[in-house]
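Notes for the one structure printed next.
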Amino acid sequence: MTSEALNPQDVWLLPGWQNSGASHWQSLWQQQYGYQRLEQHNWQHPLRGDWSIRLQELVLDAPRPVTLVAHSLGCVLVAWWAAHSQLATTKVRGALLVAPGDTEQDSLRAVLPGWSPVLLQPLPFPSILVGSDNDANCTLQRAESMAKAWGSRFVNAGAAGHINQASGLGLWEAGHELLLSL
């Protein structure tokens with residue numbers, strides 16, 4: 001996918017739990033490139049069914065196939081939704097999955113009930129999963145196993161934490177290049 005082939009109206013940002021703050025790379029991409037953000041009803045207490053319906057509505061209403069850019073819980077959402085929606089095979093061009101939250105680890109399972117287990121089956125569209133050496137929400141080994149199960153190309157971002165605003169990535173140009181390479 002080249003930047004010319006990427007219509008900003010067709011790229012959808014799927015933040016994770018608690019949304020992405022103003023200096024998060026997703027928010028900066030929204031400002032810089034005009035990508036769209038999927039707004040959820042409740043960022044603080046996410047319900048898997050509710051979030052899945054919001055994603056289904058987005059894809060259903062999209063005039064053309066979409067590209068998904070998910071962070072953290074958004075990655076788990078994509079996997080869950082893709083396994084249950086027929087639209088995943090026809091209306092998604094690809095997905096960039098960044099720093100998936102491992103909702104099966106005790107610390108996340110306690111605050112995100114209903115999101116475990118993580119659905120691990122191949123995605124019906126091309127995808128790239130970016131993990132980090134030192135992400136407290138998902139070990140590198142777990143991120144690699146998710147990538148393998150989902151059929152995603154795996155990219156190790158190094159010691160980038162949860163690949164969020166605390167990581168200090170700014171616009172995260174390397175991530176945007178990955179999106180364009182899908």
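What the table below lists for this structure:
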item: Some residue of region 79-96 being within 12 Å of the chain's Cα centre (by Cα) and more than 22 Å from Met146 (Cβ to Cβ); result: no
item: Selected residue (criterion: most open to solvent (accessible area, probe 1.4 Å)) from residues of region 81-114 that are in a strand (DSSP E or B) and over 26 Å from Gly161 (Cβ atoms); result: Arg93
item: Gln121 assigned to a helix (DSSP H, G or I) and more than 20 Å from Leu178 (Cβ to Cβ); result: no
item: Of all residues in region 133-161 being part of a loop (DSSP other than H, G, I, E, B) and closer than 25 Å to Ala83 by Cα, the one that is farthest from the chain's Cα centre (by Cα); result: Thr139
item: So Leu77, is it touching an Asp or Glu at 6+ places or on another chain (Cβ under 7 Å) and under 22 Å from Cys138 (Cβ atoms); result: no
item: Qualifying positions in region 150-165 - open to solvent by less than 30 Å² (accessible area, probe 1.4 Å) and either modelled with pLDDT under 95 or among the polar types (S, T, N, Q) (or both); result: Ser152
item: Residues satisfying the stated conditions in region 23-47, i.e. touching a residue at least 24 places away in the same chain (Cβ under 8 Å) and either open to solvent by 60 Å² or more (accessible area, probe 1.4 Å) or of a type in the set (Phe, Trp, Tyr) (or both); result: Ser23, Trp25, Trp29, Gln32, Tyr33, Tyr35, Trp43, Gln44, Leu47
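Residues are listed down the side, and each one gets a yes or a no for (1) under 27 Å from Gly49 (Cα atoms); (2) touching a Cys at 6+ places or on another chain (Cβ under 8 Å); (3) surrounded by 15 or more Cβ atoms within 10 Å (Cβ to Cβ); (4) of a type in the set (Lys, Arg):
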| residue | (1), (2), (3), (4) |
| --- | --- |
| Leu129 | yes, yes, yes, no |
| Asn134 | no, no, no, no |
| Lys148 | yes, no, no, yes |
| Ser167 | no, no, yes, no |
| His176 | no, no, yes, no |
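The values are calculated or read from the model by the stated rules, or taken from the named source; none is laboratory data. No experiment lies behind these values; they were computed from the predicted model shown. We place every Cβ from the backbone using ideal geometry, glycine too, and count neighbours over all the protein chains shown. Protein only, heavy atoms only, side chains kept; ligands, DNA and RNA dropped before computing areas. Shrake-Rupley method; radii C 1.70, N 1.55, O 1.52, S 1.80 Å.
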